[in-house]
Amino acid sequence: MDSMHATLLAPAPLVCEALVFSRMPDRFRTNTVSDWSESNRPGHPVDSFLEGPVFDRAGNLYVCDIPHGRIFRISPAGAWSLVAQYDGEPNGLKFYDDHRLIAADYRRGLVLIDVRDGSVAPHLPRRHSEGFKGLNDLIFDRAGNLYFTDQGQSGMHDPRGRLYRLAPDGRLDVLVDGIPSPNGVCLSPDERVLYLAVTRANAVWRVPLHADGGVSKVGVFFTSYGPAGPDGLAMTSGGLLLVANPGLGYVWVLNARAEPVMVIRSPAGTSVTNLAFGGPQRRTVYCTESSTGTVLRATIDQPGAPLASGERTHTMGTTS
């Protein structure tokens, strides 16, 4: 009886299949071995690995191709153009201002990329003269603080990943360390809680943020399963948490109790790595399916929460 009662309280989530929005054109596919592919796909050439989707004000979608150091712009009609290519491994992307992206780059730390001419400049390549393990993802709050993850090759065998906060005045704080593979980050609509994907622990952590700048009572919010855990995260204006889950080819849509109320499934590969809201009223979620170089889309009932940027808030300039 107890198990039957529990089933009634937690109904099965709605399941829907995403649609293909756009596929990377063949002319941009570079089927070569790189340092990234040797570490992450040993023995297999990789023509692309898409990540970091983010929209500009005009409705263009930007994504990065990690192994080949490329940033692409995808028009609302699905047309691709190369914005920048450089000696790096960009992963997470957010807009720093109207014309510059800030990237969490695995090799180069935080970098700024001007989408007008493709120029790349260092922003925060290291901390206290020591390099990062390998940056992964990032998000701004409304006050201009930048939260970013330092994942590297950390995991259950080596839980030394970190979550950082970079303040507008340049102060850099370690908020949480000892993390086995910190990945995607997003904020609750009131910005009192940060959600952190911990990929190789197959979980999403809940990180309460206090007014004094500290954190406490960090705990596990959601536990997934399968060969690869949660990756990119996004939040709706109503507080639903979306979790890209490579390995399963899912996007979990979770309510405030971490119950899946919807599952979005990929029709093209299982490596759904990250997601962003766009389209009319920002009710369409766009997902990078990295193994096939495809961008997927699905519509949900709630719009995405507004994203902040570093515009007019960060005063530190370029740091080395």
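Rule-based calculations on the coordinates, nothing more; no lab input. Everything numeric in this text was worked out from a predicted model, so none of it was measured. We place every Cβ from the backbone using ideal geometry, glycine too, and count neighbours over all the protein chains shown.
Working from Cα pairs under 8 Å separated by at least six residues, relative contact order for the chain is 17 percent.
From the square roots a ≥ b ≥ c of the eigenvalues of the alpha-carbon gyration tensor of the chain, which class results: rounded (a/c under 1.5), prolate (a/b over b/c), or oblate? The shape class here is rounded. Remark: relative contact order (the stretch 1-111) = 16 percent; criterion is Cα-Cα distance under 8 angstrom and separation of 6 or more residues. Lys/Arg Cβ at +1, Asp/Glu Cβ at -1, dipole of the chain taken about the Cα centre: which of TYR62, ALA228, ALA77 is farthest positive-ward? So the residue we want is ALA77. Here the Gaussian network model covers the chain, with springs between Cα atoms less than 10 Å apart; of THR270, THR299, THR30, THR30 fluctuates the most.
Restricting the stretch 153-255 to chymotrypsin sites (Phe, Trp or Tyr not before Pro) that sit in a DSSP loop and have at most 15 other Cβ atoms within 10 Å of their own Cβ leaves TYR225.
For the stretch 160-236 and the stretch 64-79, what is the separation of their C-alpha centers, rounded to whole Å? So the two Cα centres are separated by 26 Å. Basic side chains Lys and Arg get +1 at the Cβ, acidic Asp and Glu get -1 at the Cβ, and with that the dipole of the stretch 2-299 about its Cα centre reaches some 260 debye.
Placing dummy labels 7 Å off each Cα toward the beta-carbon, the span from THR299 to ASN31 is 3.7 nm. When only the Cβ of Lys, Arg, Asp and Glu is charged (+1, +1, -1, -1), the dipole of the stretch 1-141 relative to its Cα centre reaches about 240 debye. Taking the Cα centre of the stretch 185-320 as origin and assigning +1 to Lys and Arg Cβ atoms and -1 to Asp and Glu Cβ atoms, the resulting dipole is close to 120 debye. Among the trypsin sites (Lys or Arg not before Pro) found in the stretch 160-194, those both in a DSSP coil and sparsely packed, with 12 or fewer other Cβ atoms within 10 Å of their Cβ, are ARG171, ARG192.
Considering only VAL174, CYS16, SER154, the residue lying farthest towards the positive end of the dipole of the chain is CYS16, judged by Cα position with unit charges set on Cβ.
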